[in-house]
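S.K.: Below: one structure in structure tokens.
The values are calculated or read from the model by the stated rules, or taken from the named source; none is laboratory data. Remember, it's a predicted structure, so these values are computed and weren't measured experimentally. With ideal geometry, Cβ positions are generated from the backbone for all residues, glycine too; neighbour counts draw on all protein chains shown. Note: areas computed on protein heavy atoms with side chains; ligands, DNA, RNA excluded. Shrake-Rupley method; radii C 1.70, N 1.55, O 1.52, S 1.80 Å.
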Amino acid sequence: QVQLVESGGGLVQPGGSLRLSCAASGRTFSNYAMGWFRQAPGKEREFVAAITWSHFTTYYVDSLKGRFTISRDSAKNTVFLQMSSLKPEDTAVYYCAATPQANVPSDWGPKRKNEADYWGQGTQVTVSS
């Protein structure tokens, strides 16, 4: 049994920054990729970013590259999503996910299956004045 717990969401002004955290418990994630998805009201779930455990390889959706940065703390099985220059259209529920790293990037990204072994409960990010 594995649990993913997100934190760090909230209300932020346009142009501001926010850092999300996702802590994994229950087993080691040394052979996994962890990442972030988001879902805005009335929209499909969208891939945001991912990072592997073996080689620290990162992946980003092109539209967000440069504003969002994914990182990890291996000792704590925790991943972070640093978000900057936030826009109202970034408003969404952000979900943490974990899947075998061999499945990334083939399964994660635009027009991909976007399936994962484990999902967090989500954390709300609202960008508004």
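S.K.: Probe radius 1.4 Å, ligands and nucleic acids ignored: give me the carbon and sulfur share of the accessible area of the chain as a rounded percent.
M.R.: Result for the chain: 46 percent of the exposed heavy-atom area is carbon or sulfur.
S.K.: May I have the pair-distance distribution P(r) for region 48-102, computed from all Cα-Cα distances with 5 Å bins from 0 and rounded to whole percent?
M.R.: Histogram of Cα-Cα distances, whole percents per bin: 4, 16, 29, 26, 15, 8, 2.
S.K.: Further question: Obtain the nm distance between the two label points defined at Gln124 and Lys65 by a simple spin-label model: each point lies 7 Å from its Cα along the Cα-to-C-beta direction.
M.R.: 3.3
S.K.: Then there's this: What per residue convex hull volume, in Å³, comes out for the chain when only alpha-carbon positions are used?
M.R.: Looking at the chain, the number lands at 94 Å³ per residue.
S.K.: Mind giving me the nanometre distance, one decimal, between the label points for Ser106 and Ala23, set 7 Å out from Cα along Cα→Cβ?
M.R.: Output for this residue pair reads 3.4 nm.
S.K.: For Lys113, list the lysines whose Cα falls under 18 Å from its own Cα; do not include residues on the same chain fewer than 8 positions away.
M.R.: Counting by Cα, and skipping residues close in sequence, Lys113 has these lysines nearby: Lys43.
S.K.: Any idea what the dipole of the chain comes to, in debye rounded to 20, about its Cα centre with Lys/Arg Cβ at +1 and Asp/Glu Cβ at -1?
M.R.: Here the chain has a charge dipole of around 120 debye.
S.K.: Follow-up. To check you understand DSSP bridge types, tell me what percent of the beta bridges within the chain (both residues inside) are antiparallel, rounded to 5.
M.R.: 90
S.K.: Would you mind telling me which residue in Ser84, Ser106, Ser17 has the biggest mean-square fluctuation in a Gaussian network model of the chain, where springs connect alpha carbons within a distance under 10 angstrom?
M.R.: Largest GNM mean-square fluctuation: Ser106.
S.K.: Where in the chain is the longest stretch that carries no GluC sites (Glu not before Pro) classed as loop by DSSP and with at most 15 other Cβ atoms within 10 Å?
M.R.: For GluC sites (Glu not before Pro) (loop position, at most 15 other Cβ atoms within 10 Å), the longest site-free span of the chain is 45-114.
S.K.: Between region 94-115 and region 21-50, what's the alpha-carbon centroid distance in Å?
M.R.: 8
S.K.: So, counting K/R as plus one and D/E as minus one, what does the shell of residues with Cβ under 14 Å around Gly66 add up to?
M.R.: +1
S.K.: Counting only other residues whose beta carbon sits under 12 Å from that of Leu20, what net charge do I get with K and R as +1, D and E as -1?
M.R.: Taking every other residue near Leu20 into account, the sum is 0.
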